[in-house]
Each structure stands twice: as structure tokens, then as C-alpha cells.
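> Can you keep this structure in mind? I'll have questions shortly.
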Amino acid sequence: MSCLATWLRRAATVMPPLAAALVVSGCASTPAPVAQQQRPQLRPAAYPVTALVGSWGIASYREDRDRPRTETMARQHCRNPYVIAPGPTDGIMMHVADDPKAYELTLKGGADGKTYLGFETPPPHAQDREILSLTENVIVMRFIAPDVHARYGTFVYVRCPGGAQAAAPRRT
């Protein structure tokens, strides 16, 4: 018998028990725990989403000292108001920076105690706006992304007369 044949015969008797031992040892071990990504806990917003629904005059400023003048300009824009309508779920329909399409956005509270407006992502997200103040008739907000804020400034929304809320579509 050749040397190779002898080796193959010995290997055939040794390999199955060795292979079985490896399989059993693999089954007996427990897998290492997989670290789960924890989603940041969303906090409730300081304002209801419905507070933003309505017709608004809009203007923006870059220096805080210009805010009173900007509010006056925003009131003048009520001749052609920006309408914030309720969204199909629990949000509102508004435009995002550099996009002509309206999207459903929502108010969300951040861990920093601020209120943000944006997509349903943990705040603050680069596409969010921070609500600096919100009263019944005036909203002041700015984009979070520094380059977008540099282009658009801080927005002032002034509620238009008779625009307490966007009118619900009439059924015909």
C-alpha cells in the first residue's frame, strides 16, 4: 500500500470525529451580544403643530435690530400669503430649503430644550428649523444648517388678518 493510501485511510478515521467536535463546539457557544443602536428619545414640542396652520406674511432678517422692520414687511406680504396647511398625518405642509415641493413637517422637542420643525428625524437635524419664538400671531424661526441660515436669514411669519387657520377644503 502506498504512503498516500495509508494517510488517506488514517485521515478518514480521524476527520469525522474532529469535524463533529468542531460543529458541536460551535453550537454550544453563544454569540456575542450585538450592540443595538439606540434611537434618541424624542421629546414633545413646546407648541402644538396646529399653531402653525394658517395664512402668513413672511420676511427675513440677518441682524436682530432689524426684526421690528421685518415684521412690518411680513405684514405687507399678506397680500400674497404663504399658506401652511395641515399635513396628511399629524404634521403641516411646508417647503424645505432649496426645494419647490412642499413636504409634511412636524414640530419636535430636542434634548437641548429647544423646539424644531422638520422631518421625523431626531433633532436637531441639518434640515430642521429652530423655532425661536411662537405666539398666536408671530413665529420666528431659523434654519439649523449654517450655510442655509446664511442664505435665508431668520424668518418672521406674521399671521394674516382672517388667517387664524387654513380653511378646510370644501366638499362639493
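> Which residue pairs have Cβ atoms closer than 8 Å, lie 6 or more positions apart in sequence or on different chains, and pair a first residue in region 58-74 that is farther than 13 Å from Arg159 by Cα with a second residue that is part of a helix (DSSP H, G or I) and of a type outside the set (Gly, Ala, Ser)?
Cβ pairs passing all conditions: Ser60/Thr70; Ser60/Tyr152; Tyr61/Arg67; Tyr61/Arg69; Tyr61/Thr70.
> Right, another one. Is it true that Arg129 is modelled with pLDDT of 95 or more, over 15 Å from Tyr47 (Cβ atoms), of a type in the set (Lys, Arg) and out of contact with any Ser or Thr (no Cβ under 7 Å at 6 or more places or on another chain)?
Spelling it out, it is not the case that Arg129 is modelled with pLDDT of 95 or more, over 15 Å from Tyr47 (Cβ atoms), of a type in the set (Lys, Arg) and out of contact with any Ser or Thr (no Cβ under 7 Å at 6 or more places or on another chain).
The values are calculated or read from the model by the stated rules, or taken from the named source; none is laboratory data. Just so we're clear, the structure is a prediction, and the values are computed from it rather than from any experiment. Here Cβ is always computed from backbone atoms with ideal geometry, including for glycine, and neighbour counts include all displayed protein chains.
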